[in-house]
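The values are calculated or read from the model by the stated rules, or taken from the named source; none is laboratory data. What you see is a predicted model, and the numbers here were worked out from it, not measured in a lab. For neighbour counting, all protein chains shown are included, and Cβ atoms are generated from backbone atoms with ideal geometry for every residue, glycine included.
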Amino acid sequence: MAPWIDIHAHFSPPMTESEQFSRWQAMRSEAFLVPTPSRLGWDPESTLTYMDRAGITMQMLSNIPITLDTLKASNDYAASLVAKYPTRFGFLAALPTDNAEACLAEIARCADGEGINGVKADGFAVTAAYKGTALLSSPTLNDVWADLDRRHAGVFCHPYAYAPASLGRPAPLIEVAFETARVAVDLLYSAHFRNYPNVKLCLAHCGGALPRQRWKSS
């Protein structure tokens, strides 16, 4: 059987029960319906068991926290997982796209030289609208996209996980699919793909609502 590589694979650094509970409360307040705090836990061994059961050879791990310190710590943890399980995990370094200077620094930290403790990122991960406001088409990110283009980088785009509920329904039910379509159309109409042709952009969830709307966007 041909090997399967899962490029949409989330993880989280180790958390105490108190940290899990605080995060769970914050997510519930945004109508992001996680049943129990324990559901926020993640460990590599359980993930490897699932991967073996599902026939997945490798996962490309991504996690995009919304503060710079936690984002960098998350990238560090992902690199440590790749070092420990080099044939099972790769990682897509998260980028803080609300801050171009921090983006460029994190790209260099994760991809240049020895990377993070000898592990280089396999690509990069961004959200469609970091912190709900930082659009990928913003001119403030031109230097970031130019750097990624120079590197022929692969970039995985995930909808903003904490988008507000729409019509009283949790964002994962509705909003994430439309946010993915919005960012794709925005990038198309801002000539993004013409300006940065060497960036390989992958949209989460099969493009969300974009395939259904493609005839309107063409």
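Take Thr49 and tell me if it is surrounded by fewer than 19 Cβ atoms within 10 Å (Cβ to Cβ), under 17 Å from the mean Cα position of the chain (by Cα) and either of a type in the set (Val, Ile, Thr) or under 26 Å from Tyr160 (Cβ atoms) (or both).
Spelling it out, it is not the case that Thr49 is surrounded by fewer than 19 Cβ atoms within 10 Å (Cβ to Cβ), under 17 Å from the mean Cα position of the chain (by Cα) and either of a type in the set (Val, Ile, Thr) or under 26 Å from Tyr160 (Cβ atoms) (or both).
Does any residue of segment 109-122 turn out to be assigned to a loop (DSSP other than H, G, I, E, B) and within 14 Å of the chain's Cα centre (by Cα)?
Yes; the residues of segment 109-122 include at least one that is assigned to a loop (DSSP other than H, G, I, E, B) and within 14 Å of the chain's Cα centre (by Cα).
Would you check which residues across segment 70-125 are among the acidic types (Asp, Glu) and farther than 21 Å from Val144 by Cβ and list them?
Within segment 70-125, just Glu114 meets the criteria.
Could you tell me whether segment 17-38 includes any residue that is outside any strand (DSSP E or B), more than 25 Å from Val126 (Cβ to Cβ) and modelled with pLDDT of 80 or more?
no
Condition first: closer than 18 Å to Val119 by Cα and either in contact with a strand residue (DSSP E or B) (Cβ under 9 Å, 6 or more places away or on another chain) or among the acidic types (Asp, Glu) (or both). Now tell me which residues in segment 63-76 satisfy that.
Selection gives Asn63, Leu71, Lys72, Ser74, Asn75, Asp76.
Restricting to segment 123-149, count the residues that are in a loop (DSSP other than H, G, I, E, B) and on the phi < 0 side of the Ramachandran plot. So that I can check it myself, show each step before the final result.
Pass one, segment 123-149, residues in a loop (DSSP other than H, G, I, E, B): 128, 131-133, 136-138.
When the remaining residues are screened for being on the phi < 0 side of the Ramachandran plot, the result is 128, 133, 136-138.
Of the residues in that region, 5 qualify.
Applying the selection to segment 83-94, what residues are among the hydrophobic types (A, V, I, L, M, F, W, C), free of Cβ contacts under 8 Å to residues at least 40 places away in the same chain and either surrounded by fewer than 24 Cβ atoms within 10 Å (Cβ to Cβ) or out of contact with any helix residue (DSSP H, G or I) (no Cβ under 6 Å at 6 or more places or on another chain) (or both)?
Of the residues in segment 83-94, the ones among the hydrophobic types (A, V, I, L, M, F, W, C) are 83, 89, 91-94.
Filter once more, keeping what is free of Cβ contacts under 8 Å to residues at least 40 places away in the same chain: 83, 91, 93-94.
Listed by number, the list holds a single entry, Ala83.
Would you mention how many residues in segment 54-84 are farther than 22 Å from Leu104 by Cβ, small (Gly, Ala, Ser) and in a helix (DSSP H, G or I)?
Final tally of qualifying residues: 3.
Out of all the residues in segment 143-160, is one or more out of contact with any Lys or Arg (no Cβ under 6 Å at 6 or more places or on another chain), buried (at least 20 other Cβ atoms within 10 Å of the Cβ), modelled with pLDDT under 95 and farther than 30 Å from Ala83 by Cβ?
Checking segment 143-160: not a single residue is out of contact with any Lys or Arg (no Cβ under 6 Å at 6 or more places or on another chain), buried (at least 20 other Cβ atoms within 10 Å of the Cβ), modelled with pLDDT under 95 and farther than 30 Å from Ala83 by Cβ.
Which condition does Thr87 not pass, out of (1) modelled with pLDDT of 95 or more; (2) of a type in the set (Val, Ile, Thr); (3) not in a loop (DSSP other than H, G, I, E, B), if it passes all the others?
Of the numbered conditions (1) modelled with pLDDT of 95 or more; (2) of a type in the set (Val, Ile, Thr); (3) not in a loop (DSSP other than H, G, I, E, B), the odd one out for Thr87 is (3).
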